[in-house]
Structure formats: C-alpha cells, structure tokens
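Shown next, in structure tokens, is the structure this report addresses.
Bear in mind that the values in this text are calculations on the coordinates, not laboratory data. Predicted model only: the values in this text are computed from it and were never measured. With ideal geometry, Cβ positions are generated from the backbone for all residues, glycine too; neighbour counts draw on all protein chains shown.
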Amino acid sequence: MFGLFKSKPPKAKIDYLVYRTEVAKYKMMVDDIRQKFSSTKDVVVVCFFKDTYEQLLKLFEVSQVNKGDHDTKFTLFMYEEGEWKAFDGDYEMILADVHPLASVMQDILGYYSGKSSLTCYMSLDNAFFSLFGGERLISLLDSLGIGEYESISHAMVDKSIDQAQKKIEAKVEFPKPANSIDEWMKLNVKE
C-alpha cells in the first residue's frame, strides 16, 4: 500500500580502520586481503592517490597476495579511472586511503549502496590527521597501551572523519589534483 511498509535496502556505510602508522596500515591491509581470499567474494581495492596505488602494486607483488589457488580474485583500481564501477558480482571493497572530500566518499557510497562490506584503511601519521591532532592521538594510544598493529574503529571516529571531510570540502572550492594525500592537503587546505 503506497510502499509504506516496504523494507528499505540496508544503507551502505564505510567502516574506518585507523592505524598508528602507514606501515601498520599496509601490513594489516595485506593480512586482511589474504584472509578474505578464504571467502567466496572477490576483493576490489580502490586508491584515491597515485602514490598509494604504486605503493600497493609493489607491496602486493612482494607479498604475493594474488598468487596461489584461490576461488576469489583481487583487483586494484584508481578511483579517477572509474573502472572499479564496472566490477560486477558479489565483492568486498577496500578503500586503501581516505579522500579529504566528503563528496568523493559519498560517490563511493552512492555506487556501492546495497553491496556487502566497505572498509577504509587510514593512518594517524598522514596530513589528514595532522590537522586534527594525529600526534596527540598517538600519545593517547600509547597511554592506553594500544599496539602499533591494532586499529581504532568506533562510530565516534567515523563521525569525526565525516565531519572533518565536510569542513574541508566547505573550504576547498576548486581542488587541485595531487599524487598523495599529504600533497593534496598542502595544495588545497590552508592551515
């Protein structure tokens, strides 16, 4: 009756996994991708920045992530190319870094709506977190006894990241392209 009682499809959301360092972020991402190969879903990794893409290409080759006898496949894409949108089937998407603009993250969510899981790996030692006291957060993690390879994942963290992206987007009218998140922040965000 007029669609009042139809159930809505679950709204996609990004699960942020925040690590202390880039090294820890990359190590845990590779470990998680290896574990996902035991599932029946393909793994799609999307990068926002060229430096991240190139780093992951090297890292995945050295760690032989996509080698062996798997029923699943692993694919690495650049966000700007948009080829990741043509990836069909039931898959898990991993964002290899965060984009400072909320609209870019919303584009991913808008496309990904209704699919399974979406995870974004981040680290406290990049320029995005330096605007928001990344060094203080590292000190807090030390005092709480949280190890280098443990992630921070909480709804409050997710909300803080979303709010920070919206603030940055309000300040950046014409974003300049960059090869890394650090370069992007230097070019586009005036402290």
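The calculated FRET efficiency for Glu150 paired with Phe174, based on their beta-carbon distance and R0 = 35 Å, is about 0.35. Between Lys50 and Lys27, the contour length at 0.36 nm per residue exceeds the Cα-Cα span by 6.4 nm. Using the Cβ-Cβ distance between Leu131 and Glu83 with R0 set to 25 Å, the FRET efficiency from 1/(1 + (r/R0)^6) comes to roughly 0.20. Structure shown: which of Lys36/Lys166; Lys159/Lys190; Lys73/Lys159 lie over 25 Å apart, alpha-carbon to alpha-carbon? From the list (Lys36/Lys166; Lys159/Lys190; Lys73/Lys159), the Cα-Cα distance tops 25 Å for Lys36/Lys166; Lys73/Lys159. Potential lengthening of the chain between Gln106 and Lys159 amounts to 17.7 nm, from the contour at 0.36 nm per residue minus the alpha-carbon distance.
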